[in-house]
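Q: Questions regarding the structure given below will be posed in turn.
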There are 2 protein chains.
Amino acid sequence: MDVSREALLGRMRELKDLSGIIGLATWDQETYLPPKAEAARAAQLSTLQGLYHERLVAPEVADWLARVGAAPQSDDERAMVRLLSRERDRAVRVPVDLVRALAEAQGAALTAWRVAREGRDFAAFAPALQRLLSLRREQADAIGHEGERYDALLAGFEPGLSTARLMPVLHALRDQLVPLVQALDGWPPGPDVLAGLRFPADAQWRFTVELLGRLGFDLEAGRQDKAVHPFTGGTHPTDVRLTTRISEENLSAALFSTIHECGHGLYEQGFRPEDHRSVLAQAPSMGLHESQSRLWENLVGRSLPFWKALYPRAQASFPSQLGTVSLEAFHAALNRVARSPIRVEADEVTYNLHIVLRTELELELLRGNLAAADLPAAWNAASQQLLGLQPQDDVKGVLQDIHWAWGELGYFPTYALGNLYAASLLRACEAAVPGVWEAIAAGDFLPLRSWLRTHVHAEGARLDAEDLVRKVTGTGLTDVDFVAYLRRKYGALSGRSL
Amino acid sequence: MDVSREALLGRMRELKDLSGIIGLATWDQETYLPPKAEAARAAQLSTLQGLYHERLVAPEVADWLARVGAAPQSDDERAMVRLLSRERDRAVRVPVDLVRALAEAQGAALTAWRVAREGRDFAAFAPALQRLLSLRREQADAIGHEGERYDALLAGFEPGLSTARLMPVLHALRDQLVPLVQALDGWPPGPDVLAGLRFPADAQWRFTVELLGRLGFDLEAGRQDKAVHPFTGGTHPTDVRLTTRISEENLSAALFSTIHECGHGLYEQGFRPEDHRSVLAQAPSMGLHESQSRLWENLVGRSLPFWKALYPRAQASFPSQLGTVSLEAFHAALNRVARSPIRVEADEVTYNLHIVLRTELELELLRGNLAAADLPAAWNAASQQLLGLQPQDDVKGVLQDIHWAWGELGYFPTYALGNLYAASLLRACEAAVPGVWEAIAAGDFLPLRSWLRTHVHAEGARLDAEDLVRKVTGTGLTDVDFVAYLRRKYGALSGRSL
């Protein structure tokens, strides 16, 4: 028994080290890799992933898991066995040939997607997407499900969450957002006070690094670099790598990508040190990870108290641009609502409608009720229904995201889950820490960060996401807190009754 | 047979990918790793190195090597089998327990070395060094040798070179350098024209990147970053990572660390693309690798023709510092000769005496003729004899280098080999490419670079270093070309008859 435990712990540490190194190679790919090294890096990553897979699915691991799982020494050990078994089962069930076919189909679909965007011609993408869909269906069947294939894919990002649990919540959300967007039509009336201003890249960089320090991101256990598509990566909770994107025409890009990634980064830095080389030191789901980035980005970073504390620093960083802009005007500019066909440009109110649109289409694609070729028409109809507009063309519509070209189905809903979980967690924090907003308005983020660290970050993956949220907030997945937050915030901003 | 060949090639590519990734993790450790992540990175590297070892020494590899080696399809395949077998044999022969004991002893010795430097007390280091020496002797015996243990260690850096071949060359070199240094005593008479000037870090950075481009380093297949101790790393010939060190008080630091590492980098970028995932794409020895860095740094980078071409660019980069300094004064300042107790500050004339000193002591330590505790006395005596001076204290003497604290014995001579090989290779290039210096004086480095690429870089590890040099220059390892170069250069500079 002790021999199995030692062996299992040793293998787990090895897998952690390997996934940390995969994290390094991926981060480097998006930050510093010389352009001619792309092919070499792809081969290196494939070798590492192959080794990771091999060490995970090795037969002896099943044996160790069975022995240790039969008599776990603690709740943590039980959770560890559960998490490792779940990951291993998924990996074992998908045949190597299918993994290879998927990788090839992803490559082909990605190329086809680029060609289709270039030529504004969805038909150039449809066959490759259809092939990928059929492989994803095969993969879902290999993993196993009880009739709903989407469940098997969703479980890869959101373990424990079923389609049957998810969709009613998304639909309730949709049913409240559509009239809310209509009620905000025409607001705000004036022009954007930030439009047309240029913010020097160096000053933006310094200001984002200052923000990280103030928000409590440990810059000795992590760093920030630049990337075209910002993301959070890294190799270990002591080595968390944020990225940001600086655009001189658009201060918001760097501000909110830094604050967003900082939310992810605080999560990664908040695991318990004694868990660091264990599978417990991870978020239980992508949705819960996203709850932390969205909480900091939107609920905190676009709030008036946040800018009460930090706007003087922003003005000091950009005196000629912001010197004459009032705090209220700046805050309003960060919170403009407008229907847009583009998800990544969407504001807090309309954003989740973009997710509902995609999730419903994914579900129909996977159920076989919708063919890839029919996607543009379905997309445009849903866009009209949900957002009240149709994209000018497919590049601004169905071809806008890279996710389907990767064959990533089941990922989009995690963005909405993040928004919903964030609002519920913040409500619970406000109840538990009455002075939290006063502290934020004074530039003190410790009360909020400590509460999140204790109740969310330090828990790691001990509980599935919804169970953790239920434990902390008293309710599980719900649209109620998020919708109440939107009504409160945008009612106050717009002066309309929402 | 074909099955074995495929399997062997597959394993070789996997090993190449793994060593590339170890290169990435090591480079990152010296450039961007957050300070709190040091322990995590050490664990990740240890896991990767363990996997590399395991995949290399696996019994099936011996089988594949035997089958493919019995009937190689080409000379390249024969060389590949020879290189892989040699690496594998070394790895197999050292027992895992000894590897572990060495790693622990290295850690302890490194700590003791730091304590000893801090307290200027060699005695704090001696026991840890003695322990490391005894393990190195054990390792040398495990690897195997014909009576001279140093051979087994030397082979790790300089395959094919024996102590019996090396020492007479080093002694001949010593016997000419000692009088040469004496003949240059008191030269140069005037003060250093660069002393006291400050060179802004940003301008230095831009100038070094410009240099890399002009020398022909492909910045799309590599990059430059900053590091405290400059080195060349990377993951692949399309991903070569140079580092440099900028000191505002000392322009030479960045200039010559960039040019030195560029020499290494051109070597790495110069392997044949069809060899990239093979063991053929490596230098046959550390000494030959060092020949490329020293050739560019010293023989080219400290030459008058080089600065004829580039001094106007240097003046444009540092107008207020260099605007009134003549080309000749600048060139003379880069080539001052002075006895110093410190190896890394030594000029071209005295440098190799520092190497002779260390190599002789290493040999005596490993033969058991010298105990660690007696090193300071032996060091100081040798320093007096070779350099005509004794260090003020052990920190400026026997404790100055980190190599012995790592237990790295057999490495120092590769620096001298690099200098000797560089001079011989340049002599051969001058004979083969008559206009090479005129081109350099016109800022055209292509004739030199092409010749090196064809005759050295593209050969990879097909031949052992001395065999390659013999093929290219007509002579093997010799001090003749290097000493002739020094006499010619410093005779002209000093106006003395040398």
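Laboratory data are not the source of any read-out in this text; all were calculated from the coordinates shown. A quick note: this is a predicted structure, and the numbers were derived from the prediction, not measured. FYI the Cβ positions are ideal-geometry reconstructions off the backbone, even for glycines, and counts take in every protein chain you see.
Q: Just tell me the longest site-free run in chain B, where the sites are GluC sites (Glu not before Pro) in a DSSP loop having at most 14 other beta-carbon atoms within 10 Å. If you can, show how the numbers build up before the last one.
A: Working: sites that count: B:146, B:220, B:248, B:249.
My reading of the result: B:250-498 is the longest stretch.
Q: Could you tell me which residue out of A:283, A:170, B:324 lies farthest along the dipole of the protein assembly as shown toward its positive end? Charges go on the beta carbon: Lys and Arg +1, Asp and Glu -1, centred on the Cα centre.
A: The listed residue farthest towards the positive side: B:324.
Q: Projected onto the charge dipole of chain B (+1 at Lys/Arg Cβ, -1 at Asp/Glu Cβ, origin at the Cα centre), which of B:452, B:33, B:159 gives the Cα projection farthest towards the positive end?
A: B:452
Q: Report, in debye and to the nearest 20, how large the dipole of the range B:1-140 comes out about its Cα centre when Lys and Arg carry +1 and Asp and Glu carry -1 on their Cβ.
A: I would put it at about 440 debye.
Q: I would also like to ask the following. From the C-alpha gyration tensor of the range B:295-374, pull out the three semi-axes of the equivalent ellipsoid (sqrt of 5λ each), sorted largest to smallest, in whole Å.
A: Gyration-tensor ellipsoid for the range B:295-374: 39, 12, 9 Å.
Q: Note down the net charge around residue B:420, summing +1 for each Lys or Arg and -1 for each Asp or Glu among other residues with Cβ under 9 Å from its Cβ.
A: Around residue B:420, the charge tally is -2.
Q: Let me ask you something else. Calculate the mean, over all residues of peptide A:227-240, of how many other protein chain Cβ atoms lie within 10 angstrom of the residue's Cβ.
A: The per-residue average across the peptide is 3.
Q: Can I ask one more? Shielding by partners for A:105-111, please: the mean number of other protein chain Cβ atoms within 10 Å of each residue's Cβ.
A: Values: counts 0, 0, 0, 0, 0, 0, 0.
The mean count of partner-chain Cβ atoms within 10 Å per residue comes to 0.
Q: In nm, one decimal, shortest first: how far is the label point of residue B:198 (7 Å from Cα along Cα to beta carbon) from the matching points in the other copies?
A: Result for residue B:198, in nm, nearest copy first: 3.0.
Q: How high is the FRET efficiency from residue B:389 to residue A:96, r the C-beta distance, R0 56 Å, rounded to 0.05?
A: E between residue B:389 and residue A:96, to the nearest 0.05, is 0.25.
Q: Another question about this same structure. Would you work out the charge dipole size for chain A about its Cα centre, treating the Cβ of every Lys and Arg as +1 and the Cβ of every Asp and Glu as -1, and quote it to the nearest 20 debye?
A: That gives a dipole near 500 debye.
Q: For chain A, what Kirkwood radius comes out of the mean inverse Cα-Cα distance, in Å?
A: Radius from the Kirkwood sum: 24.0 Å.
Q: Going 7 Å from Cα along the Cα-Cβ axis for the label, what nanometre distances separate residue B:308 from the same residue across the other copies?
A: When each copy's label point is compared with this one, the spacings are 7.3 nm.
Q: Give me the distance in nm between label points sitting 7 Å out from Cα along the Cα-to-Cβ direction at residue B:497 and residue B:75, one decimal.
A: For the pair residue B:497/residue B:75, the computed spacing is 4.8 nm.
Q: Then there's this: How big is the gap, in Å, between the Cα center of the range B:395-444 and the Cα center of the range A:350-424?
A: After rounding, the separation between the Cα centres reads 61 Å.
Q: Would you work out which of A:59, A:47, A:440 lies farthest towards the positive end of the dipole of chain A, given +1 charges on the beta-carbon of Lys and Arg and -1 on that of Asp and Glu, about the Cα centre?
A: Farthest towards the positive pole: A:440.
Q: Need the C-alpha centroid separation for the range A:171-196 versus the range A:479-498, integer Å.
A: Taking the Cα centre of each part, the range A:171-196 and the range A:479-498 sit 11 Å apart.
Q: While we're on this one: Rounded to a whole number, what is D in µm²/s for the range A:162-318 from Stokes-Einstein with the Kirkwood radius over alpha-carbon pairs (25 °C, 0.890 mPa s)?
A: Here the translational diffusion coefficient equals 139 µm²/s.
Q: Shortest first and in nm to one decimal, what separations exist between residue B:86 and its copies in the other chains, measuring from label points 7 Å along the Cα-to-beta-carbon line?
A: Relative to the other copies, residue B:86 has label-point distances of 5.1 nm.
Q: Counting helices only, and only those DSSP H runs with n ≥ 4, report the 222 nm mean residue ellipticity of chain B as the sum of -39,500 (n - 2.57) divided by its residues, in deg cm²/dmol to the nearest 500.
A: For chain B, the value works out to -20000 deg cm²/dmol.
Q: Could I ask something else about it? Compute the whole-percent fraction of alpha carbon pairs in the protein assembly as shown spaced more than 57 Å apart. Present the calculation step by step, with values, prior to reporting the outcome.
A: Numbers: 110622 of 495510 pairs.
Tail fraction, whole percent: 22.
Q: For the range B:1-120, report the % of Cα-Cα distances exceeding 21 Å.
A: Considering the range B:1-120, 53 percent of its Cα-Cα pairs are separated by more than 21 Å.
Q: Then there's this: Filter chain B for me: DSSP H helices, axial length by Cα at least 20 angstrom, mean Kyte-Doolittle hydropathy not below 0.0. List them by residue number.
A: What comes out of the filter, once short or polar helices are dropped, is B:96-119, B:163-183, B:201-215, B:251-269, B:351-367, B:412-432, B:480-494.
Q: I would also like to ask the following. Please give the FRET efficiency for residue A:138 paired with residue B:39, using the beta carbon to beta carbon distance and R0 = 45 Å, rounded to the nearest 0.05.
A: 0.60
Q: Using alpha carbons only, how many angstrom separate the centre of the range B:77-151 from the centre of the range B:224-300?
A: Between the Cα centre of the range B:77-151 and that of the range B:224-300, the gap is 26 Å.
Q: Can I ask one more? Placing unit charges on C-beta atoms (Lys and Arg positive, Asp and Glu negative, everything else neutral), compute the dipole magnitude of the protein assembly as shown about its Cα centre in debye, rounded to 20.
A: Here the size comes out at about 920 debye.
Q: Going by how many other Cβ atoms sit within 10 Å of their own, how do B:324, A:208 line up, fewest first?
A: B:324, A:208
Q: Now for a separate question. Sort B:145, B:354, A:171 by Cβ crowding within 10 Å, fewest neighbours at the top. Please list the in-between numbers first.
A: Working: B:145 16, B:354 24, A:171 12.
Least to most surrounded, the residues fall as A:171, B:145, B:354.
Q: Taking 29 Å as the cut-off for C-alpha to C-alpha distance, list the pairs among A:308/A:396; A:16/A:396; B:396/B:471; B:308/B:471; A:226/A:308 that go past it.
A: A:308/A:396; A:16/A:396; B:396/B:471; B:308/B:471
Q: Please work out the FRET efficiency for the pair residue A:202 and residue B:197, using the Cβ-Cβ distance as r and a Förster radius of 25 Å; give the result to the nearest 0.05.
A: According to the calculation, E is roughly 0.40.
Q: I've got another one for you. Hey, fewest Cβ within 10 Å first, where do A:320, B:340 land in order?
A: In increasing order of surrounding Cβ atoms, one gets A:320, B:340.
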